[in-house]
Amino acid sequence: MVLYDQLIRSPRQTLAIEFNRSGTVIVRAPHRLPLPVIHKFIETKTPWILNHKSLQAIYAAPALSPEQIKAYREHAEDILPRRLYELSKQTGMQYRTVRITNARKRWGSCRADLICLSWRLMLVSEPLRDYVMVHELAHVTIKNHSARFWQLVEKHCPSFKSHRTSLRNQILPQ
């Protein structure tokens with residue numbers, strides 16, 4: 001059974017599986033990685049792929065109009081920086097700048113003391129938004145996903161594991 005629609009080889013170092021908005025399963029692999037290794041990797045991810053495909057079929061995200069996107073973005077630019085500031089004060093984790101982005105594949109990111117948050121966070125519940133913000137605030141201090149990083153996230157967001165799982169299952173409009 002073929003579980004992917006497209007294999008893209010590039011100079012990358014790791015294997016990855018992604019779904020585009022039309023439901024196409026794309027496998028990204030290093031140039032020289034043998035096909036049997038790629039297929040073995042896909043085989044280990046079969047339950048995840050099938051689950052994600054079924055979730056996409058059930059919860060296919062409705063397309064948003066340009067007007068809706070503009071409204072969500074404006075709302076995000078008002079709400080998200082204010083909430084990030086509140087969480088920064090509550091947790092004692094500092095940042096310098098926040099930017100609202102149009103990121104489609106990331107809820108948030110952190111570079112130095114700049115935190116970027118996707119306006120698409122407005123499409124999920126407040127506890128999930130708070131988790132993303134705590135996660136990015138923790139990255140200002142700890143730049144990786146080490147055990148120490150996750151302990152810091154858990155200290156300020158004890159339900160982070162369930163929130164992370166929920167976010168991974170979200171199907172977002174593009």
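For the criterion of being touching a residue at least 24 places away in the same chain (Cβ under 8 Å), over 21 Å from ALA63 (Cα atoms) and open to solvent by less than 60 Å² (accessible area, probe 1.4 Å), LEU137 passes. Once region 145-164 is narrowed to residues that are in a loop (DSSP other than H, G, I, E, B) and more than 20 Å from LEU117 (Cβ to Cβ), the residue that is least open to solvent (accessible area, probe 1.4 Å) is SER146. Listed here are the strands (runs of 3 or more DSSP E) enclosed by region 10-113 that have at least 3 residues being at pLDDT 90 or above and surrounded by 15 or more Cβ atoms within 10 Å (Cβ to Cβ): 25-30, 97-101, 108-111.
The values are calculated or read from the model by the stated rules, or taken from the named source; none is laboratory data. As the structure is a prediction and not an experimental result, all values here were calculated from the model. FYI the Cβ positions are ideal-geometry reconstructions off the backbone, even for glycines, and counts take in every protein chain you see. Heavy atoms of the whole protein, side chains included, go into the accessibility calculation; ligands, DNA and RNA do not. Shrake-Rupley method; radii C 1.70, N 1.55, O 1.52, S 1.80 Å.
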